[in-house]
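Notes for the one structure printed next.
Readers should treat all values here as calculations from the given coordinates under stated rules, not as data from a laboratory. If you're wondering where the values come from, they're calculated on a predicted model, not measured in any experiment. Backbone-built Cβ (ideal geometry, glycine too); neighbour counts: all protein chains shown.
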Amino acid sequence: MPDLFASLPAAWRRGLMGLSSGVSILILMIFSTLGAPLTTPAAPLGMISFQLARTPQQIQALLASWDSTTRQVAAFCLGLDYLFMPAYALAISLAARWVSAAMRQNLRSRGWPLAAAGVPIAWGVWLGALLDAIENASQAAMLFGNLNPALPGFTWIVAVIKYGLVFLGLAYVFYGLAARLVTRSAGQPA
């Protein structure tokens, strides 16, 4: 499996990782602020409740709990998510590549597993972002009145797979950071 970023100079990779991480954090802050009215008894997790509603009845109850202004906020959040997708995918995949390279260089000889997993995990995060786009299209259809009974279940499946891939990427990055800290605290070069 080819490394997505092998041809980029290291300085560019660091810069892109910093920029995409900053954009991702900024968008998360916007989601947190704007998404507050989306939290209702029928949608206790706001947009996440919308993503994970599995039945037409859950979707109908959730949409009924949102007035027209709140639905406009939901639509805006769905649109903004299309900017968030490449930002988080770039940030996590570059971080996974960095962790993988650091492990291969410094940790493999000390028995750390998963050193070579960064490249497939980086690809998986991009697949997660693609699934996020499909999920959003399905959510938009439901938000604007398409209550096809298959859409909630389809959206739920896509969302669960997306979350799994993205969380796997984040877990790998945090695993790599923890491995670096352990080797540094043990006095080994990191």
Every residue from segment 10-51 that is loosely packed, with under 13 Cβ neighbours inside 10 Å, in a helix (DSSP H, G or I) and over 19 Å from the mean Cα position of the chain (by Cα)
Ala10, Ala11, Trp12, Ala36
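Of the residues Leu8, Leu26, Leu78, Leu34, which is touching a residue at least 60 places away in the same chain (Cβ under 8 Å) and not polar (S, T, N, Q)?
Only one candidate qualifies: Leu78.
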Mind listing whichever residues of segment 59-82 are more than 14 Å from Gly145 (Cα to Cα) and either surrounded by 13 or more Cβ atoms within 10 Å (Cβ to Cβ) or of a type in the set (Phe, Trp, Tyr) (or both)?
Ser65, Thr70, Val73, Phe76, Cys77, Leu78, Leu80, Asp81, Tyr82
Pick from segment 52-79 the residues that are of a type in the set (Ser, Thr, Tyr) and within 21 Å of Gly153 (Cα to Cα): which of them is nearest to the chain's Cα centre (by Cα)?
Thr55
Against the definition (in contact (Cβ under 8 Å) with a residue 12 or more places away in the chain and under 17 Å from Glu135 (Cα atoms)), how does Ser49 come out, yes or no?
yes
